[in-house]
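Data first, discussion second: the structure below is written as structure tokens.
The values are calculated or read from the model by the stated rules, or taken from the named source; none is laboratory data. It should be emphasised that the depicted structure is a prediction, and the values quoted were computed from it without experimental measurement. Because the Cβ atoms are built from the backbone with ideal geometry, glycine has one as well, and the counts that use them run over all protein chains shown.
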Amino acid sequence: MKIEYICHACLLIDSGDLRLLTDPWFEGPAFCKQWYVFPKPIDTNLLQKSDVILISHGHEDHVHEPSLRKLPKRARVSYPYSLFGGTKEFIEEMGFRMVQEVLSDKTYKLSERTSVTYIANAHDHIIVIEAGGKVVVNANDALHAYSQSVIDSFIASLRARVSPTTIENISRATGMSRKSTICIRAMSWMMMSCGRSRRIEST
């Protein structure tokens, strides 16, 4: 799989047969103009190739209306069941025709090669993407603010799902430890260098 860091929690992931976009916020401010994307994305034209949009939770920096309106309406949109009622209608009003509410701990097949599983931690969700025997674990906001015991519990659960070989491969690609690898976050301090996008390829 190939991962292109866009900005904030937004990643473009090429699974081999699909292009998956996570938590789109790249256009304009959020939270009553109190938050701004920094550094700004280099090239948002890449996002027009998105086949699937994966939303981890309902905060505006992860489900951002002006950014969603810029994306291709042919893309499928998945969001977690725990969001408040009206989310499906809110997204469909923007022009998206394929909008799916997903349950935690249930694996959804997106194509012959690619599947996604949401794992809930209160309001937040870890997104596990599997394709061609490779796995990306996107923890976004779901773990970093919790106690070490909670983090360890989720890591143990994820390790049971992900093979040790896969963990080692992702670890080599990102330069992180095996324990840190399972908690890949879409944050600039992990995937950005000097404000330039960085592509990570699992081997």
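Can you tell me which residue among Lys88, Lys73, Lys109 is in contact with a strand residue (DSSP E or B) (Cβ under 6 Å, 6 or more places away or on another chain) and exposed (fewer than 14 other Cβ atoms within 10 Å of the Cβ)?
Lys109
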Looking at region 1-20, which of its residues are farther than 15 Å from Leu110 by Cα and under 9 Å from the mean Cα position of the chain (by Cα)? Ala9, Cys10, Leu11, Leu12
Cβ-Cβ below 6 Å, separation at least six or inter-chain, first residue in region 116-139 and among the basic types (Lys, Arg), second part of a loop (DSSP other than H, G, I, E, B): which pairs? Lys134/Met1; Lys134/Ser202
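Looking at region 69-77, is at least one residue in a strand (DSSP E or B), closer than 21 Å to Ile6 by Cβ and touching a residue at least 40 places away in the same chain (Cβ under 8 Å)?
No; the residues of region 69-77 include none that is in a strand (DSSP E or B), closer than 21 Å to Ile6 by Cβ and touching a residue at least 40 places away in the same chain (Cβ under 8 Å).
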Looking at region 78-91, can you tell me whether even one residue there is of a type in the set (D, E, K, R) and over 26 Å from Phe154 (Cβ atoms)? yes
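Each row is one residue, and each column tells you yes or no for (1) surrounded by 17 or more Cβ atoms within 10 Å (Cβ to Cβ); (2) of a type in the set (A, V, I, L, M, F, W, C); (3) outside any loop (DSSP other than H, G, I, E, B); (4) at pLDDT 90 or above.
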site: Ile3; (1), (2), (3), (4): yes, yes, yes, yes
site: Phe38; (1), (2), (3), (4): no, yes, no, no
site: Leu47; (1), (2), (3), (4): yes, yes, yes, yes
site: Ser56; (1), (2), (3), (4): yes, no, no, yes
site: His62; (1), (2), (3), (4): yes, no, no, no
